[in-house]
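Asker: Structure provided below as structure tokens; questions to follow.
Bear in mind these aren't lab numbers, they're just calculated from the coordinates by the rules spelled out. Note that this is a predicted model, so its numbers are computed, not measured. Positions of Cβ are backbone-derived with ideal geometry, glycine not excepted, and every protein chain shown enters the neighbour counts.
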Amino acid sequence: MLHKFMILSKRINIKEVFLCLAVILVAGLFVIWDMQRLDKDFNRLFLLLKTARVDAFYKSTIITVRFDGDMVTVSDQKDSKSITTTMPTISKVDYDTTMGNNRVVFDWRGTAAYNKRIHGGEIMLLSLLGFKRYIHVNCNGMVMEGRYPEDK
């Protein structure tokens, strides 16, 4: 038995072991980085949408959040301010309004006055490795994690 172990140990090259461990470590770090990037964009977009809803309510104005690829532009009708940011994990925007597609329009009541669909819509964020996160904005302007409810 000891003889078999000695033969097996001679065949194992320590450089190959370290190379395999390095590849596993790099792959693991890439997965962690990818998930962290997705979560960061999700949290930023979630906060941006919640802030837009609150601002529309307290400022008695119309706030428009427009999506164009990975660019997100927030516009305030009252003071004509506009802020643009990039969120590279935004993959799909399924939110259509009477003021245009791929945008969410908030007023003091929510989003219902501008929605083409009763329940609102969703934004999908997609990581490089295919991990997905969804943000759903309903007709009251509530921002939630999850999918848009199917029409029945």
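Asker: For segment 35-60, give me each residue that is farther than 15 Å from THR86 by Cβ and among the aromatic types (Phe, Trp, Tyr).
Answerer: Correct list: PHE46, PHE57, TYR58.
Asker: What number of residues within segment 97-140 are surrounded by fewer than 20 Cβ atoms within 10 Å (Cβ to Cβ) and of a type in the set (A, V, I, L, M)?
Answerer: The number of residues fulfilling the criteria is 8.
Asker: If a residue counts only when it is hydrophobic (A, V, I, L, M, F, W, C) and surrounded by 17 or more Cβ atoms within 10 Å (Cβ to Cβ), which strands (runs of 3 or more DSSP E) contained entirely in segment 9-96 have at least 1 such residues?
Answerer: Per the criteria, 63-68, 71-76, 90-94.
Asker: Of everything in segment 97-116 that's part of a loop (DSSP other than H, G, I, E, B) and touching a strand residue (DSSP E or B) at 6+ places or on another chain (Cβ under 7 Å), which residue is farthest from THR51 (Cα to Cα)?
Answerer: LYS116
Asker: Just one of (1) touching an Asp or Glu at 6+ places or on another chain (Cβ under 8 Å); (2) within 20 Å of PHE57 (Cα to Cα); (3) in contact (Cβ under 8 Å) with a residue 24 or more places away in the chain; (4) of a type outside the set (Gly, Ala, Ser) trips up TYR114, so point out which.
Answerer: With respect to (1) touching an Asp or Glu at 6+ places or on another chain (Cβ under 8 Å); (2) within 20 Å of PHE57 (Cα to Cα); (3) in contact (Cβ under 8 Å) with a residue 24 or more places away in the chain; (4) of a type outside the set (Gly, Ala, Ser), TYR114 is out only on (3).
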